[in-house]
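Report on the structure given below.
Every number here is computed from the coordinates shown, using simple stated rules; none is lab data. These numbers come from a predicted model, not from an experiment. Positions of Cβ are generated from backbone atoms using ideal geometry, with glycine treated the same way; all protein chains shown enter the neighbour counts.
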């Protein structure tokens with residue numbers, strides 16, 4: 001993965017981060033599009049691009065949005081995917 005791909009994947013996560021941040025993070029139902037965005041975020045993390053300030057800023061994410069996405073990724077990783085697509 002290169003930097004441009006990382007920026008694109010992170011940019012696709014912005015609506016998800018905004019949705020979760022506005023709701024407080026609890027009881028959020030993830031759509032298939034949300035799950036795809038979160039999978040892209042996971043690829044960026046695995047590739048090590050999340051530590052690159054310029055890539056994150058170019059994608060339009062702020063630190064709160066990155067933390068929200070990390071929260072979601074941790075929930076999905078530790079609890080698995082819920083049958084009703086709700087994160088508690």
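Sort out which residues of region 12-36 are assigned to a loop (DSSP other than H, G, I, E, B) and surrounded by fewer than 18 Cβ atoms within 10 Å (Cβ to Cβ), and write them in order of number.
Matches in region 12-36: 24, 25, 26, 27, 31.
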### Task
Would you check if residue 56 is in contact (Cβ under 8 Å) with a residue 40 or more places away in the chain, surrounded by 15 or more Cβ atoms within 10 Å (Cβ to Cβ) and touching a helix residue (DSSP H, G or I) at 6+ places or on another chain (Cβ under 7 Å)?
yes
### Task
Hey, can you tell me all the residues within region 5-20 that are in contact (Cβ under 8 Å) with a residue 40 or more places away in the chain and farther than 14 Å from residue 60 by Cβ?
20
### Message
Of everything in region 37-53, what is touching a residue at least 12 places away in the same chain (Cβ under 8 Å) and either under 11 Å from residue 69 (Cα atoms) or part of a helix (DSSP H, G or I) (or both)? Give them in sequence order.
### Response
37, 38, 40, 41, 42, 43, 44, 45, 47, 49, 50
